[in-house]
Amino acid sequence: MRVKELIVYKNFLGKEDRILRHMAWLMNHLGEECHEEKAARRLHECIHGLLEMAGGYGFYGNLWHCYLTNLLVNNENSYSRACEIRGAVEGTINQAVLHDIAVFKEFFDFDLDKLANLQGGESLSLILEFENSHGGSRVYNSRIRDRICHLAVKLAGDRTPEEMKDTLTEFYRDYGVGRFGLHKAFRVVRKKGGAQIVPIQNIAHVHLDDLVGYEIAKKKLIENTEAFVEGRKANNCLLFGDAGTGKSSSIKAIANEYYDAGLRIIEVYKHQFQDLNDVITQIKNRNYRFIIYMDDLSFEDFETEYKYLKAVIEGGLEKKPENVLIYATSNRRHIIREKFSDKEDRRDDLHSSDTVQEKLSLASRFGVTIFFASPDKKEFQNIVRVLAGRYGIAMPQEELLLEANKWELSHGGLSGRTAQQFIDYLLGKKE
């Protein structure tokens with residue numbers, strides 16, 4: 001097998017291509033008695049690796065085909081990055097890609113039963129029609145896992161390299177490639193080589209309709225986000241207001257709502273602001289739209305990390321990429337703590353107004369600000385009623401609202417979060 005002839009699909013992350021190299025060696029040395037012991041050992045390693053992959057990724061069916069497909073959908077190269085979200089491209093690169101796909105087709109079409117005569121070859125049946133018992137995945141959510149398994153079946157059924165190339169290109173157009181294509185939310189981790197963007201495996205499946213009330217706030221957030229994903233002018237966005245009113249849930253809902261339109265969310269914490277330029281460098285030339293999300297953003301007097309953020313939002317020499325926005329949530333309208341002493345003529349500050357302006361300048365760089373206020377008693381009771389109906393809680397309304405009022409008095413006051421916690425409490429008792 002011509003694995004060393006790959007041109008575009010050449011560099012795989014870490015040890016992802018180890019099984020591929022071992023299987024290529026087995027196919028090339030099939031029937032050679034002098035390599036029989038080595039072949040049996042490598043076959044065992046491949047079967048072990050494919051079974052481990054099935055356990056981690058949740059794959060099912062023909063694990064060899066799933067493995068090959070997973071390599072193709074995760075390989076970020078000049079062709080796959082050009083096709084993500086946009087679809088087929090023109091140029092000489094297509095010839096090189098078609099050459100590589102022809103190599104992969106040989107792997108897809110190889111009859112693994114030819115390896116059955118090797119010692120341990122009877123174990124091949126384990127990987128050809130694998131049934132996953134738990135159905136879960138530590139790497140992908142179930143929807144992405146199923147897409148890869150279905151793509152594996154489709155690629156295996158394609159009759160020519162040209163058909164395989166078209167099928168793969170269609171996948172890149174619809175879902176993207178690599179970590180950004182297969183995941184919707186990410187966090188930043190500092191490693192030896194610098195800041196790395198890693199997927200968040202399980203994001204809460206929150207939708208905007210799940211947030212009861214706040215129609216004006218949601219409409220404002222939707223309008224700004226839709227303008228962004230459609231390539232129109234949009235603003236950085238600050239969601240501020242009382243605790244437990246749905247600010248963070250709204251951001252999660254946005255991530256779920258516009259994932260198919262190419263929107264991705266990257267969560268950044270305050271202590272990581274110094275890595276923001278590195279993060280933006282990694283995403284600015286991709287075909288996705290990225291929201292850098294900062295939850296519960298606030299600063300005390302002695303904290304200076306906000307200066308990094310100010311420079312990134314506006315003020316640096318390099319123009320901010322058009323595919324990047326910053327969304328933040330905060331309990332403070334002006335983010336940085338303010339004191340009455342800031343406005344007093346103090347001996348140690350000749351220009352006290354400058355101190356005030358410095359603290360207001362960060363919040364002013366968010367072009368859209370959305371206020372989330374705590375609900376009043378009537379709105380709180382309406383949230384409770386809606387949630388109770390949504391979760392199928394059968395309780396007389398008078399009793400439900402009476403218990404809800406008792407709950408909020410001792411559990412944080414009037415807020416959507418308190419209402420949800422009360423409903424969770426009732427569901428726990430019910431079960």
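Couple of notes before you dig in:
- Residues being part of a helix (DSSP H, G or I), hydrophobic (A, V, I, L, M, F, W, C) and modelled with pLDDT of 90 or more - total across region 238-278: 4
- Residue in region 130-150 that is part of a loop (DSSP other than H, G, I, E, B), at pLDDT 85 or above and either open to solvent by 40 Å² or more (accessible area, probe 1.4 Å) or within 30 Å of Asn94 (Cβ to Cβ) (or both) present: yes
- Region 203-237, residues that are of a type in the set (Lys, Arg) and either assigned to a strand (DSSP E or B) or free of Cβ contacts under 8 Å to residues at least 40 places away in the same chain (or both): Lys218, Lys219, Arg232, Lys233
- Filter pass, Asp109 being without any contact (Cβ under 8 Å) to a residue 60 or more places away in the chain and within 32 Å of the chain's Cα centre (by Cα): no
- In region 377-416, the residues that are over 22 Å from Leu221 (Cα atoms), touching a Leu at 6+ places or on another chain (Cβ under 9 Å) and open to solvent by 50 Å² or more (accessible area, probe 1.4 Å): Lys377, Arg385, Tyr391, Met395, Glu403
- Selection of first residues in region 264-290 that are open to solvent by 30 Å² or more (accessible area, probe 1.4 Å) and of second residues that are hydroxyl-bearing (Ser, Thr, Tyr) and not in a strand (DSSP E or B), restricted to Cβ pairs under 7 Å at least 6 apart or on distinct chains, gives the following pairs, ordered by first then second residue: Gln274/Tyr308.
- Whenever a residue of region 401-423 is under 14 Å from Lys378 (Cβ atoms) and touching a residue at least 12 places away in the same chain (Cβ under 8 Å), its partners that are of a type in the set (S, T, N, Q) and not in a loop (DSSP other than H, G, I, E, B), lying with C-beta atoms within less than 7 angstrom and at least six residues away or across chains, give the pairs Leu401/Gln381; Ala404/Gln381; Glu408/Thr418.
- Residue list for region 104-125, restricted to those being surrounded by 14 or more Cβ atoms within 10 Å (Cβ to Cβ) and not charged (D, E, K, R): Phe104, Phe107, Phe108, Phe110, Leu112, Leu115, Ala116, Leu118, Gly120, Gly121, Ser123, Leu124
- Count of residues meeting criterion [among the hydroxyl-bearing types (Ser, Thr, Tyr), open to solvent by 40 Å² or more (accessible area, probe 1.4 Å) and under 30 Å from Ala311 (Cβ atoms)] in region 360-376: 1
The values are calculated or read from the model by the stated rules, or taken from the named source; none is laboratory data. Note that the structure is predicted; figures quoted are calculated from it, not measured. Quick reminder, even Gly has a Cβ in these numbers, built from the backbone with ideal geometry, and neighbours come from all protein chains shown. For accessibility, only protein heavy atoms count, side chains too; no ligands or nucleic acids. Shrake-Rupley method; radii C 1.70, N 1.55, O 1.52, S 1.80 Å.
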